[in-house]
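The values are calculated or read from the model by the stated rules, or taken from the named source; none is laboratory data. What you see is a predicted model, and the numbers here were worked out from it, not measured in a lab. Cβ atoms come from the backbone with ideal geometry, glycine included; neighbour counts cover every protein chain shown. Keep in mind that these areas ignore ligands, DNA and RNA; they rest on the heavy atoms of the full protein, side chains included. Shrake-Rupley method; radii C 1.70, N 1.55, O 1.52, S 1.80 Å.
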Amino acid sequence: MGAGDKINLSWPGKESVLSGQNRRAEKLKQMVYPRPLTEKTLFTPEIKERRIEPDGVNRSFLGDNLEVMEQLIGAGYENNIDLIYIDPPYMSSSNYHAKTVVEGKDYKKTISRLVFTDTWKDDINNYLTHIYPRLQMMYRLLKENGSIFVHLDWHISHYVKILLDEIFSPRSFVNEIVWCYSGGSGAGKHFQRKHDIILWYVKGPDYIFHPQYRPYSEGTRQRGLTQVKGDKYQLNEKGANLQDWWSDINKILSPTARENLKFPTQKPMALAERIIAAASDPDSLVADFYSGSGTTAAACEKLGRSWICCDLSPLAIDTMSRRLIKSKSRPFSIETDKEYIKPDNAGIKIETTTTQMGEDTIEINIFIKEFVPRRENVPGDSPALFIHFWEVDLDHDGKDFHSDIQVLRNTAKYDDSLCLDVNVRVPARESFYIAVMVHDLWGDITMARVKIESMI
Ligand SMILES: C[S@@+](CC[C@H](N)C(=O)[O-])C[C@H]1O[C@@H](n2cnc3c(N)ncnc32)[C@H](O)[C@@H]1O
């Protein structure tokens, strides 16, 4: 075969793959400084530490990753990312829902929300036309020594491997990792399908790899201790080098597991941690462009890596934000397509009461008096029922939203128990604005803005 005669995959539509540049949705930028509250609290924030520039801060995007990656390339991220992990739809021909029981005084209903679809009109061409330009973009975003881990399963991994061979080159393939798990098994005229495939490709030969270890088996340990094979077979105190099949991390199966965020297809933290620890350094930038519940971001927080995350589903970005806020992560930004935001003050009523506390300080009580989500009517006087969490910007500039306080539910239940007011003490100024952002059960955002006037 001559140069240019590379083996590659062709399908109807390959030549017409889309670019995201024709749809530039208007965005709202949010900076989140995690300070979670679950009950009414008097809060005195250090306003000076706010307003850091989003550059260099961990970033998340609510939107189509094709458009987001183009935006990142335009903003200078080409050849800049050390590690990309993606867990895209698998061509599983399923729709994925999150179900929640909402229960108020006179109201009880199970609400099912579509998180994402993985149906592709049952046509593999549609799937390939989706993933191909995105993998090309990821190639451009990776550094010369960067790695990509693509998490799939038996449905489509063999096709995507050929695309990766074409985009990266067959020589850039490092491992096919088999992630084995257990769990309920249905009937079927086949062996139970209990593994996923994670394809690891690198851009260049000098990629990062930190070996990972597993405990020795009892037999090896005994042989090591008795030194049957002599001195040169000393056991490594870290354990044995990990193979390319991983059976020591299970799926998140228990509905009551602490890690379980009720996000369909959520992957275990331990899996993300292993990949990040193996293929990145502490100063690395890690990206996940199908980030779901934010497992990659949470693992990066734990391991001290910088991160970029993107998801098309507002429920995914909300799940990730709440997860990071709850664990008091470093500040992060969210760029949200404005289509998810209700027009100012629609369906929401905020009451504020201001008390002068000496010359320099005022105390403000911020109270959500009414809240009606876009997609459901709230029964009676239950504004809390459909709120996932809410946030306050204590000095809203009329443009970006700086989240100073976040009020979260204390339990996983959607009931009336969510706290609806907080007290804050802030420096007295002639007049300024407070903004409240409410995230509801569907991932829609409602914003309200209130003018505060001190008596100075
Ligand atoms: C398998 S889930 C990822 C789960 C994730 N690894 C976790 O641990 O929670 C796939 C995600 O890809 C998102 N997605 C699908 N198409 C997308 C697109 N074009 N841009 C961004 N995200 C997309 C879906 O909304 C879904 O959250």
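Need the failing condition index for ARG374 against (1) open to solvent by 70 Å² or more (accessible area, probe 1.4 Å); (2) within 15 Å of LEU28 (Cα to Cα), just the number.
Checking ARG374 against (1) open to solvent by 70 Å² or more (accessible area, probe 1.4 Å); (2) within 15 Å of LEU28 (Cα to Cα), the one that fails is (2).
Which numbered condition trips up GLN266, out of (1) open to solvent by 10 Å² or more (accessible area, probe 1.4 Å); (2) touching a residue at least 40 places away in the same chain (Cβ under 8 Å); (3) within 8 Å of the ligand (Cβ to nearest atom)?
Among (1) open to solvent by 10 Å² or more (accessible area, probe 1.4 Å); (2) touching a residue at least 40 places away in the same chain (Cβ under 8 Å); (3) within 8 Å of the ligand (Cβ to nearest atom), the lone unmet condition for GLN266 is (2).
Any residue in the range 288-313 that's on the phi > 0 side of the Ramachandran plot: show its pairings with residues that are in a strand (DSSP E or B) and near the ligand (Cβ under 6 Å from one of its atoms) at Cβ separation under 8 Å, as long as the two are six or more apart or on different chains.
GLY292/ASP311
Can you tell me which residues in the range 299-313 are more than 9 Å from the ligand (Cβ to nearest atom) and open to solvent by 10 Å² or more (accessible area, probe 1.4 Å)?
GLU301, LYS302, LEU303, GLY304, ARG305, SER306
Do we find a residue being within 16 Å of the ligand (Cβ to nearest atom), farther than 24 Å from ILE162 by Cβ and buried (at least 16 other Cβ atoms within 10 Å of the Cβ) anywhere in the range 126-141?
No, the conditions are met nowhere in the range 126-141.
Which condition breaks for TRP245 when tested against (1) surrounded by 14 or more Cβ atoms within 10 Å (Cβ to Cβ); (2) in contact (Cβ under 8 Å) with a residue 24 or more places away in the chain?
For TRP245, the failing item is (1).
Within the range 385-406, take every residue that is among the acidic types (Asp, Glu) and either open to solvent by less than 10 Å² (accessible area, probe 1.4 Å) or in contact with a helix residue (DSSP H, G or I) (Cβ under 6 Å, 6 or more places away or on another chain) (or both) and give me the one that is farthest from LYS328 (Cα to Cα).
Only one residue tops the list, namely ASP393.
Checking ILE249 against (1) under 29 Å from ARG35 (Cα atoms); (2) part of a loop (DSSP other than H, G, I, E, B); (3) at pLDDT 95 or above: exactly one of these is not met. Which one?
The single condition ILE249 does not satisfy is (1).
Would you tally the residues in the range 281-290 being open to solvent by 10 Å² or more (accessible area, probe 1.4 Å) and near the ligand (Cβ under 9 Å from one of its atoms)?
Looking only at that region, the number is 1.
How many residues does the range 323-332 contain that are touching a Pro at 6+ places or on another chain (Cβ under 9 Å) and either polar (S, T, N, Q) or open to solvent by 30 Å² or more (accessible area, probe 1.4 Å) (or both)?
6
So that you can scan it fast, the table gives a plain yes or no per residue for (1) in a helix (DSSP H, G or I); (2) touching a Cys at 6+ places or on another chain (Cβ under 7 Å); (3) over 25 Å from LEU271 (Cβ atoms); (4) at pLDDT 95 or above:
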site	(1), (2), (3), (4)
LYS48	yes, no, yes, no
ILE52	no, no, yes, no
GLY56	no, no, yes, no
PHE61	no, yes, no, yes
GLU67	yes, no, yes, no
ILE73	yes, no, yes, yes
GLU78	no, no, yes, yes
ILE84	no, no, no, yes
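What about ILE156, is it at pLDDT 95 or above and either farther than 25 Å from SER10 by Cα or open to solvent by less than 50 Å² (accessible area, probe 1.4 Å) (or both)?
yes
Quick check: anything in the range 192-200 open to solvent by 40 Å² or more (accessible area, probe 1.4 Å), in contact (Cβ under 8 Å) with a residue 40 or more places away in the chain and part of a strand (DSSP E or B)?
Within the range 192-200 (the criterion being open to solvent by 40 Å² or more (accessible area, probe 1.4 Å), in contact (Cβ under 8 Å) with a residue 40 or more places away in the chain and part of a strand (DSSP E or B)), the answer is yes, since at least one residue qualifies.
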